[in-house]
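Engineer: One structure, as structure tokens, below. Some questions next.
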Amino acid sequence: MYTAENEKNFIAVLTEELIPAMGCTEPIALAYAACRARNELGGTPTEITAYCSGNMIKNVRCVSIPNSGGMVGIEAAVVLGAFGGDARRGMEVLEAVTPKALEQATAFLNDRRCSVEYLDSDIPLHFKIEMTDNTDTVSVEVRHSHMNIVSIIKNKETIYSGDIGTDSTEHADRSKLSIGSIKDFADNVDVSKIKHLLDRQLRFNMDIAYEGMSGEYGLNIGRVIRSSYADGVVTRMKAYAAAASEARMSGCVMPVVINSGSGNQGIASSVPVIVYAREKDIPQERLYRALAFSALLTIHQKDYIGKLSAFCGAVSASCAACAAVTYMVGGTIEQIKATIDNTLANIPGIICDGAKISCAAKIATSIDAGMMAHFLAMDGKAYEAFTGILKEECEETISCVGYIGKIGMRQTDKEIVKLMLTDKEVDKNGDKTE
């Protein structure tokens, strides 16, 4: 049943999650923390150490840093944040990097004054930035979420302490999210109450999609998809979403409205819905409602999995986007659930091996699977309960997939990180070789 309390809460969830970020969110989080540490240090750092969990290492090592002149990796993100960041800009901390700051950061990196240490932690998103100017020392620790600073320590004195047990940056109640309550919200909310959030999402995420299609980023996957596949709405959905991701992973300075802490999830949960609506002349208000549906369904799925894991977030976001297409064209609640089940019967096994330009290909693949699931659902076809991991109720399936992503793939995540951090090959017995 639709209630004013749920409406207020769901709007709060969207407000917390649909925020702009420039660049891949993990390096930006490092840059933000380094910026905060530099602010507390006061002086110019002479040495910086970044202690990073495996998932942080996995998600930063291969992506270009915005406004860095093409630099890649953890050290670049940290040092650029320290010398050129503006913490007041949040996840757009690197937006105002000056040429002088870039020059200082480059010299610092060339002198090898920034080092990275592995942080053995059970928390996937966990890191600490420590810096000194040879007089004072400051450390900033972040856990669970990209901007969730749990402590700032200067010269062994704690000057700030947050909630170390949970993601204290999240205040809205996500426990009320379900497929039914999300649909009720999308059906009944006064669109004017969320229009500002969705307008920003629409504008930012489509702008970077157009940039990805026209610019030179990575493998130019968007243009390859457009030119190599049969023309049609699904091809364009895949092409524009993949192009946006590839531009972002390649260091494009244009902001993206993220979802559940991820720009790629923000792109995958919005761009396909927008492209479909425009191709099919869907009324604007209906598009807004579908975007809200997709955003909340992505958040609902990711709430079970967590911000970072071995489970590719493009699956969750693309599943939500294609279920939103089903919603947008007037599909029933049963058809929406069938779209979700059909998708999760197909591609729940895509691993996350870090943020990089090939995330764009995973988004394209996931959208293709999601739209196949949509067409099956609209034709009245759905995989039966207990087909593989599917459960009797779609909500149970979502929770089970979340369990697999968060708990079941925990060891997989560790092994992925190990393989990414070594140049040794693995033989048929699973042993590393010289």
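The values are calculated or read from the model by the stated rules, or taken from the named source; none is laboratory data. Predicted model only: the values in this text are computed from it and were never measured. Virtual Cβ from ideal backbone geometry, glycine too; neighbours counted across all protein chains shown. Note: accessible area is taken over every heavy atom of the protein model, side chains too, but ligands, DNA and RNA are not part of it. Shrake-Rupley method; radii C 1.70, N 1.55, O 1.52, S 1.80 Å.
Engineer: Is there a residue in segment 85-102 that is among the polar types (S, T, N, Q), over 21 Å from the mean Cα position of the chain (by Cα), farther than 30 Å from ARG203 by Cα and surrounded by fewer than 24 Cβ atoms within 10 Å (Cβ to Cβ)?
Structural biologist: no
Engineer: Confirm whether ASN55 is buried (at least 17 other Cβ atoms within 10 Å of the Cβ), farther than 19 Å from GLU246 by Cα, of a type outside the set (A, V, I, L, M, F, W, C) and in contact with a helix residue (DSSP H, G or I) (Cβ under 8 Å, 6 or more places away or on another chain).
Structural biologist: yes
Engineer: Applying the selection to segment 350-373, what residues are open to solvent by less than 10 Å² (accessible area, probe 1.4 Å) and not small (Gly, Ala, Ser)?
Structural biologist: Correct list: ILE363, ILE367, MET371.
Engineer: Report, by residue number, each residue of segment 381-402 that is closer than 15 Å to THR339 by Cα and of a type in the set (Phe, Trp, Tyr).
Structural biologist: TYR383
Engineer: At least 1 residues that are within 15 Å of ALA29 (Cα to Cα) in each: list the helices (runs of 4 or more DSSP H) lying fully within segment 50-126 that qualify.
Structural biologist: 54-60, 74-84
Engineer: Would you pick out the residues in segment 4-32 that are within 15 Å of the chain's Cα centre (by Cα) and open to solvent by 30 Å² or more (accessible area, probe 1.4 Å)?
Structural biologist: Those that are within 15 Å of the chain's Cα centre (by Cα) and open to solvent by 30 Å² or more (accessible area, probe 1.4 Å): GLU16, ILE19.
Engineer: Might you check whether a residue that is of a type outside the set (S, T, N, Q), surrounded by 17 or more Cβ atoms within 10 Å (Cβ to Cβ) and over 23 Å from ILE57 (Cβ atoms) occurs anywhere in segment 106-117?
Structural biologist: Looking for residues that are of a type outside the set (S, T, N, Q), surrounded by 17 or more Cβ atoms within 10 Å (Cβ to Cβ) and over 23 Å from ILE57 (Cβ atoms), one finds none in segment 106-117, hence no.
Engineer: Give the number of residues within segment 249-291 that are closer than 21 Å to ARG226 by Cβ, crowded, with 24+ Cβ neighbours inside 10 Å and at pLDDT below 95.
Structural biologist: The number of residues fulfilling the criteria is 1.
Engineer: Can you find, within segment 390-422, the residue that is nearest to ASN59 (Cα to Cα) among those that are in a loop (DSSP other than H, G, I, E, B) and not acidic (Asp, Glu)?
Structural biologist: LEU421
Engineer: Let me ask something additional. Regarding MET71, is this residue surrounded by fewer than 24 Cβ atoms within 10 Å (Cβ to Cβ) and touching a residue at least 12 places away in the same chain (Cβ under 8 Å)?
Structural biologist: Considered against the rule, which asks whether it is surrounded by fewer than 24 Cβ atoms within 10 Å (Cβ to Cβ) and touching a residue at least 12 places away in the same chain (Cβ under 8 Å), MET71 comes out as yes.
Engineer: Got a number for residues in segment 208-223 being surrounded by 15 or more Cβ atoms within 10 Å (Cβ to Cβ) and either among the basic types (Lys, Arg) or under 22 Å from TYR276 (Cα atoms) (or both)?
Structural biologist: Counting residues in segment 208-223 that are surrounded by 15 or more Cβ atoms within 10 Å (Cβ to Cβ) and either among the basic types (Lys, Arg) or under 22 Å from TYR276 (Cα atoms) (or both) gives 10.
Engineer: Name the one entry in ILE153, ILE129 that is surrounded by 19 or more Cβ atoms within 10 Å (Cβ to Cβ) and in contact with a helix residue (DSSP H, G or I) (Cβ under 7 Å, 6 or more places away or on another chain).
Structural biologist: Just a single option satisfies the conditions, and that option is ILE129.
Engineer: Any chance segment 333-340 includes a residue that's among the polar types (S, T, N, Q) and either touching a residue at least 12 places away in the same chain (Cβ under 8 Å) or part of a helix (DSSP H, G or I) (or both)?
Structural biologist: yes
Engineer: Report, ordered by the first and then the second residue, all pairs with beta carbons closer than 6 Å, sequence separation of six or more or different chains, a first member in segment 117-133 that is over 16 Å from CYS35 (Cβ atoms), and a second member that is open to solvent by less than 30 Å² (accessible area, probe 1.4 Å) and of a type in the set (A, V, I, L, M, F, W, C).
Structural biologist: Qualifying pairs under 6 Å: LEU119/CYS52; PRO124/LEU308; LEU125/LEU308.
Engineer: Considering each residue of segment 346-389, count those that are part of a loop (DSSP other than H, G, I, E, B) and of a type in the set (Ser, Thr, Tyr), and give that number.
Structural biologist: 3
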